[in-house]
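Asks: Below is one structure. I have some questions about it.
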Amino acid sequence: MEFTHEQISEIISEITNGESGFHGLVKRGLESLMLTERSLHNETLSDVSNGFRGRRVCHGGKVFELRVPRSRNSNFYPMLLGVLKD
């Protein structure tokens, strides 16, 4: 599905003006990046997805309650979490 620039702007505007605002947009973005990384991990190492675990991350004065993806072999740790720690 292809979106026009105007449609994308409208979707982002609706999200950022919603109940959780910009914080919610950042949270969704972070979770999406971790899901993509887990997919690559699974393909590379022939691993399988195994749900999520909760993780509280503080960054830039904000607290994010994230759903961090897990893998069956328990050896997946998103690089993004390491970056946010520093």
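Asks: Would you look at the GNM of the chain, springs on alpha carbons closer than 10 Å, and say which of 49, 39, 74 moves the most?
Replies: Most flexible of the set in this elastic network: 74.
Asks: Got a sec? Charge dipole of the chain, +1 on Cβ for Lys and Arg, -1 for Asp and Glu; which of 79, 8, 39 is way out at the positive end?
Replies: Going by the Cα projections, it comes out as 79.
Asks: Something else: Once R0 is set to 25 Å, what does the formula 1/(1 + (r/R0)^6) return for the Cβ-Cβ distance between residue 14 and residue 80, expressed as a FRET efficiency to the nearest 0.05?
Replies: So, using R0 = 25 Å, E works out to roughly 0.50.
Asks: Could you tell me the calculated FRET efficiency between residue 56 and residue 4, based on Cβ-Cβ distance and R0 = 30 angstrom, to the nearest 0.05?
Replies: 0.20
Asks: A follow-up question, please. Restricting to DSSP loop positions (anything but H, G, I, E, B) with no more than 15 other Cβ atoms inside 10 Å of their own Cβ, which GluC sites (Glu not before Pro) remain in the chain?
Replies: Within the chain, the qualifying GluC sites (Glu not before Pro) (loop, at most 15 other Cβ atoms within 10 Å) are 2, 19.
Asks: Related question: Return 41, 23, 5 ranked ascending by Cβ neighbour count within 10 Å, so the fewest neighbours appear first.
Replies: With the sparsest Cβ surroundings first, the list reads 5, 23, 41.
Asks: Identify which of the listed values of Cα extents along the principal axes in Å was calculated from the structure shown: (1) 35, 29, 19; (2) 64, 26, 25; (3) 41, 36, 20.
Replies: It is the value labelled (3).
Asks: Something else now. Rounded to the nearest 500 deg cm²/dmol, what is the calculated helix-only ellipticity per residue at 222 nm for the chain, with -39500 (n - 2.57) per DSSP H run of length n ≥ 4?
Replies: Value at 222 nm, helices only: -16500 deg cm²/dmol.
All of the numbers you see were taken from the coordinates with simple rules; none came from a lab. Nothing here was measured: the structure is a model prediction, and the numbers come from that model. Cβ sites come from the backbone with ideal geometry, for glycine too, and all protein chains shown count toward neighbours.
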